[in-house]
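Peer 1: The structure that follows is given in the form of structure tokens.
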Amino acid sequence: MSPLLEFTNVTLIRGNHTVFKALSIQLNEPRIGLIGDNGAGKSSLFRMICGLETPQSGTVRLSGCDARDANTQRPGKVGMMFQNPDDQIIFPTVEEELALGLSPSGLSRREAIAKSRVFLETRGLAHWAERTIGSLSQGQRQHVCWLALMIAAPDLLLLDEPFASLDLPGQALLSADIAQAGQQVIVSTHLLNHVRHFERVVWLDQGTIRADGPGHRVCAAYEADVATRTPEGIRLGQSL
């Protein structure tokens, strides 16, 4: 069987900055976390998977097919949740935004909106259907983006800082949904407790793979590294 997701000798250059150089990695596990400092390359990795960016060399393959071809030929294969929901949401109401995710299924607009209303009802959110996006909080808009992915049900879910705008109940609900999802889910986050239990976590550092393995081990290594870069950690090291 072909790997679900495979990067082979991928080099990505943006302007004068080399984001990745000869990156090779296979991502097959059902739940994978991506961690690392800002600018480490996490969002760029997602953008290449979605076909929003094309590497200068190397290949990105989904289930054996070039990512660009896979996204063109099967537009419902990959779904991504952006860091900022306002960069993702297009339609003025919740039901219309959810209906957009059903476009690849061939449903009419009326059928898609009707299905969106039923879906919201099953989530206890029937009262959200006709709400305008502008009336929602940042966290609620983030939740709408997640609901749009759930109703679209792509094969691969890419979540870029999905917990950043959510309160604690919202984070708990999203974590439960991720645990129950039938698709492969890759989560990029600074909130390590949400991926610490994952079977696999990849720590990116300036476009390179610093560590790759069980979530608890890789998260602990990253936390230890960060501690050495804080004033308190530096002082502690100097005193030993």
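The values are calculated or read from the model by the stated rules, or taken from the named source; none is laboratory data. Please read all numbers here as calculations on a predicted model, not as lab measurements. No Cβ is skipped: glycine too gets one built from the backbone with ideal geometry, and neighbour counts run over all protein chains shown.
Peer 1: Taking region 158-174 as the region of interest, how many residues are outside any helix (DSSP H, G or I) and either among the aliphatic types (A, V, I, L, M) or surrounded by fewer than 18 Cβ atoms within 10 Å (Cβ to Cβ) (or both)?
Peer 2: Adding up the residues that qualify gives 5.
Peer 1: Working carefully through the options 151, 178, find the one that is in contact (Cβ under 8 Å) with a residue 40 or more places away in the chain, among the hydrophobic types (A, V, I, L, M, F, W, C), over 30 Å from residue 56 (Cα atoms) and touching a strand residue (DSSP E or B) at 6+ places or on another chain (Cβ under 6 Å).
Peer 2: Sole residue among the options that is in contact (Cβ under 8 Å) with a residue 40 or more places away in the chain, among the hydrophobic types (A, V, I, L, M, F, W, C), over 30 Å from residue 56 (Cα atoms) and touching a strand residue (DSSP E or B) at 6+ places or on another chain (Cβ under 6 Å): 178.
Peer 1: Only residues that are under 21 Å from residue 20 (Cα atoms), among the aromatic types (Phe, Trp, Tyr) and not in a helix (DSSP H, G or I): list them for region 190-233, please.
Peer 2: If the condition is that a residue be under 21 Å from residue 20 (Cα atoms), among the aromatic types (Phe, Trp, Tyr) and not in a helix (DSSP H, G or I), then 203 is the only one that fits.
Peer 1: Out of region 125-157, which residues are over 23 Å from residue 42 (Cα atoms) and in a helix (DSSP H, G or I)?
Peer 2: Of everything in region 125-157, those that are over 23 Å from residue 42 (Cα atoms) and in a helix (DSSP H, G or I) turn out to be 126, 127, 128, 133, 134, 135, 140, 151, 152.
Peer 1: While we're here: Look through region 117-135, keep the residues that are in contact with a helix residue (DSSP H, G or I) (Cβ under 7 Å, 6 or more places away or on another chain) and more than 24 Å from residue 184 (Cβ to Cβ), and return whichever of them is surrounded by the fewest Cβ atoms within 10 Å (Cβ to Cβ).
Peer 2: 130
Peer 1: Report the residue count in region 29-59 for those that are among the β-branched types (Val, Ile, Thr) and closer than 18 Å to residue 226 by Cα. Show your work before the answer.
Peer 2: From region 29-59, those among the β-branched types (Val, Ile, Thr) are 32, 35, 49, 54, 59; that's our starting set.
Then drop every residue that is not closer than 18 Å to residue 226 by Cα, which leaves 35.
Of the residues in region 29-59, 1 are among the β-branched types (Val, Ile, Thr) and closer than 18 Å to residue 226 by Cα.
Yes or no, residue by residue, for (1) acidic (Asp, Glu); (2) touching a strand residue (DSSP E or B) at 6+ places or on another chain (Cβ under 8 Å); (3) in a loop (DSSP other than H, G, I, E, B):
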residue: 54; (1), (2), (3): no, no, yes
residue: 59; (1), (2), (3): no, yes, no
residue: 80; (1), (2), (3): no, yes, no
residue: 110; (1), (2), (3): no, no, no
residue: 115; (1), (2), (3): no, no, no
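Peer 1: Of all residues in region 204-220, which are among the small types (Gly, Ala, Ser) and either under 27 Å from residue 13 (Cβ atoms) or buried (at least 16 other Cβ atoms within 10 Å of the Cβ) (or both)? I'd like the intermediate steps shown before the answer.
Peer 2: Here is the first cut: in region 204-220, the ones among the small types (Gly, Ala, Ser) are 207, 211, 213, 215, 220.
Listed by number, the residues that qualify are 207, 211, 215.
Peer 1: Let me ask something else. Just name the residue that is surrounded by the fewest Cβ atoms within 10 Å (Cβ to Cβ) out of those in region 180-190 that are modelled with pLDDT of 95 or more and aliphatic (A, V, I, L, M).
Peer 2: That would be 185.
Peer 1: Looking only at region 158-192, filter to residues that are acidic (Asp, Glu) and farther than 14 Å from residue 46 by Cα; which one of those is nearest to the chain's Cα centre (by Cα)?
Peer 2: Among those residues, the one meeting the criterion is 177.
Peer 1: Let me spell it out: the conditions are (1) more than 15 Å from residue 146 (Cβ to Cβ); (2) out of contact with any Asp or Glu (no Cβ under 6 Å at 6 or more places or on another chain), and residue 171 meets all of them except one. Which number is the exception?
Peer 2: (1)
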